[in-house]
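Student: Quick one: the structure is below, questions incoming.
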Amino acid sequence: MNMQCSFTQVHSSDQGISSFIKIFKIFCFILILIIIHYPFSLFADQITLYTPNAQKNTGTAFSDGTGWGTTSSTIRIGQTDAYEGRTSGGWTRFDISSIPDNARINSITLVVQVFENDGSGPNVDLMQISYDPVTATYQTIYDDLSDGNIYYDNAWFGSNNSFLIDLSSQAVSDLQSMLTNGDWFAVGFKYDGYYGYYARIRGYDQTNRPELIIDYTEIPTTTTVSGYIQFDDGISATPTYARYAHVLICDQHSTDRILKDTYTDANGYYSETVTNDETDGLDIFVKVLSEGKSGAYYGSNSFIASVKNPSAGPTYFKQSTVYTNNLQSFLSIDIMITDDATSSAFSIFNSLLEGFIKVKQKLVLDMPGIEAFWPSGETKYEGSPAQLFYDQDDRWDRDQILHEYGHYVHYSRSFADGPHGDYRHGWDDDLRYSPVTRLDHEARNLAFKEGWADFFAVVIQYDPPWNTDIYFDNKYGINQYQRNLEDETSRSVATRSGEYYESSVACLLWDMFDDAEGIWDNEDWFHLGFGQSPSDKIWRIADDRKPDDINGFWNGWFAKGYTDNRDITRIFINHAMSFIAQPAYSPTPIHQSTGISALIPNLSWTSGANATSQDVYVGTSSSFTSSDLKGNTTTTSWIPNLLCNQKYYCKLSQKVVMQKPKVRYGNLQLMLQQYCKKT
């Protein structure tokens, strides 16, 4: 319904115009208030129904079980000698099928024409009729007059006039129910005292037959509820849209009724159509929870994550205001989450969602939903069942949140899950000794699982606009700690055994992944990527070979038969992996020496770092075979048996023996090409 305010301009003084405008504004304000407070009456429809011109739609029933409604349509109420002391009552019936079933009845007015009375008139109660008079017996109708609800008490029909009677709210309720239960409605006339008094009312086949004036509002059969969900993420200048979040559209009751169980899309938008099954309109509100829903993300049955309060238990949620007695076909309900607790929970969910999406896109894994608890006393991952816990101050810290999600991923795929003793660790700690003492294999296992989680948190976000090689550890939205995965080099970690350091493992994995290196990493342009592509070898080694530590990852590379061995070895050496034997150097004789005078020259060298022995190869071709292996020495010299006037190739292959019952070979090999002549 469009309501317009208009006025004709009056040519008067400015003061007069100003006064008129003020009055006009006040009038419009009052009109708006009326619309708000009385919506039903302003937007209602009205219909006038007449008693159908057909038998028994009006009539009279006597106390002895007789009556008329076929031979006469007159309604007689009262008691007279003419009817031998019998009491009579009557009825009028209406066909209400023209009123929409989804209408809300606001008021009912009955109009009847009294055409005869005894001069005084009886008192009459207007009553509910429960049995359809068209098919009921007169006795049933007469008895029915005394059993039902009273629609009007003590109406007086003492004159020959038309009477307009506003029926009670009970009549409104009864007619409302009859819209879907028979499409008829009747009003009874019950005699209520005064012997000898009577009145007669015109019936269905007479002029001025009974009327029923009904004021109603048609309730839409459905309402489309839609809107955007946003939250304050604690860092961004503008609100963040709550993507793929669980949404409930509800009808408020003592026990709230869920009308639709749905979710937001990638833009934080939801839209659902609900059925209006209440005559006074639904009391609609929307609740959004800090969790996903199965089917929300395309192609997934996972609920992604649910962020809960560890003490209160339930998932965090935000509820809209209640839109009572809704009469709209389209209802827009946006929710903006600003309170610290709920917006924090949605920030955590949004970060976990990002991890879930990238894992599905890059690794083609549909991770099962996981419960996350905030605020907790510490940030950690726990298994059996898989759960995540986040400290109060980590709620805005996406890298830290994804670090723990990275643990969830590798534990679910059964790698990086070897025993590690105490879980406490530091970014640049030698985990054999700090912050607690561990066995070597425990330290390697812990360094790998924590380094993997650091690497995961950065690499999983390495798409626009997040391209960065920095691991952020934020508190209160402030970057208190920044760990640049490019900073570690062979020069900066020369004295350590990198396999025991979380930082070395994380930086090593990063150097295998990334595609743009600087001079600080020896101009490494090696780029493996991270995903299911055949060229993305990092994930394939981890998921297929299930390594517990970085040593196992190294073995997995060669077990998969990958190439680029020189590049991989160099990266492992750059990050001080002590199980890689570095090449020998400073050989004597030098490379491509000729005219050596000694018949049996002494071959010597300086041993490379980590080497515990050297295999010595001497042959006449640069393509060495097993027959060219002359032996192994733990010293730094060898006396070969050479022929005169022959060019020889010499190779030193460095070896290192680990605590584990395995021997690992350094992949970098020193080749010595010499001309050895006997004089």
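Student: I want to check the label-to-label distance for T71 and T563. Put each point 7 Å from Cα in the C-beta direction and report it in nm to one decimal.
Tutor: 11.4
Student: At a Förster radius of 22 Å, what calculated FRET efficiency corresponds to the Cβ-Cβ distance of D183 and D143, to the nearest 0.05? Write down the numbers at each step before the final one.
Tutor: Working: r = 24 Å, r/R0 = 1.08.
Plugging the Cβ-Cβ distance into 1/(1 + (r/R0)^6) gives 0.40.
Student: OK, next. Could you rank the peptides 570-583, 375-388, 350-363, 305-318 by their average count of other C-beta atoms within 10 Å per residue, with the highest value first?
Tutor: Result, highest mean first: 570-583, 350-363, 305-318, 375-388.
Student: Right, something else. Along each of its three principal axes, how wide is the spread of alpha-carbon positions in segment 215-354, in whole angstrom units, largest first?
Tutor: Cα spread of segment 215-354 along its principal axes, largest to smallest: 54, 32, 31 Å.
Student: Return a whole-number percent for the relative contact order of segment 99-196, with Cα pairs under 8 Å and 6 or more residues apart as the contact set. Intermediate results must be reported in sequence, preceding the final value.
Tutor: Working: 165 pairs, mean separation 43.0, N = 98.
Relative contact order for segment 99-196 comes out at 44 percent.
Student: Near K560, which aspartates and glutamates are there with a Cα under 19 Å away, not counting those fewer than 8 places off in the same chain?
Tutor: D536, D543, D544, D548, D549
Student: If DNA, RNA and ligands are ignored and the probe is 1.4 Å, what is the ranking of Y433, Y617 by accessible area, most exposed first? Kindly include the intermediate steps, with their values, before the conclusion.
Tutor: Numbers: Y433 145, Y617 40 Å².
The ordering from most to least exposed comes out as Y433, Y617.
Student: Based on the mean of other Cβ atoms within 10 Å per residue, sort peptides 452-462, 624-634, 501-511 so the most packed one is first.
Tutor: On the way: 452-462: 24.1, 624-634: 12.2, 501-511: 26.9.
My ranking of the peptides, most packed first, is 501-511, 452-462, 624-634.
Student: I'd like the FRET efficiency for S586 and S236, computed as 1/(1 + (r/R0)^6) with the beta carbon distance as r and R0 of 51 Å, rounded to 0.05.
Tutor: On the way: r = 57 Å, r/R0 = 1.12.
Plugging the Cβ-Cβ distance into 1/(1 + (r/R0)^6) gives 0.35.
Student: Whenever you get a sec, line up Y152, Y648, Y562 from highest to lowest accessible area (probe 1.4 Å, protein heavy atoms). Each step should come with its number before you reach the end.
Tutor: Numbers: Y152 90, Y648 20, Y562 40 Å².
Result of the area sort, largest leading: Y152, Y562, Y648.
Student: Rounded to whole Hz and in sequence order, give me ³J(HN,Hα) for segment 359-368 from the Karplus expression 6.51 cos²θ - 1.76 cosθ + 1.60, θ = phi - 60°, writing x for Gly and Pro.
Tutor: Result, rounded to whole Hz: 5, 5, 6, 7, 9, 6, 10, 9, 5, x.
Student: Now for a separate question. Of the cross-linked pairs K260/K318; K318/K380; K449/K546; K293/K449, which ones have a Cα-Cα span greater than 23 Å in the structure shown?
Tutor: On the way: K260/K318 16 Å; K318/K380 26 Å; K449/K546 12 Å; K293/K449 30 Å.
Pairs exceeding 23 Å: K318/K380; K293/K449.
Student: Modelling each spin label as a point 7 Å along the Cα-to-Cβ direction, I'd like the D256/D118 distance in nm, to one decimal.
Tutor: The modelled label-to-label distance comes out at 6.3 nm.
The values are calculated or read from the model by the stated rules, or taken from the named source; none is laboratory data. No experiment lies behind these values; they were computed from the predicted model shown. Every residue, glycine among them, receives a Cβ derived from its backbone with ideal geometry; neighbour counts consider all protein chains shown. What goes into the accessible areas is simple: the full protein's heavy atoms, side chains included, and nothing from ligands, DNA or RNA. Shrake-Rupley method; radii C 1.70, N 1.55, O 1.52, S 1.80 Å.
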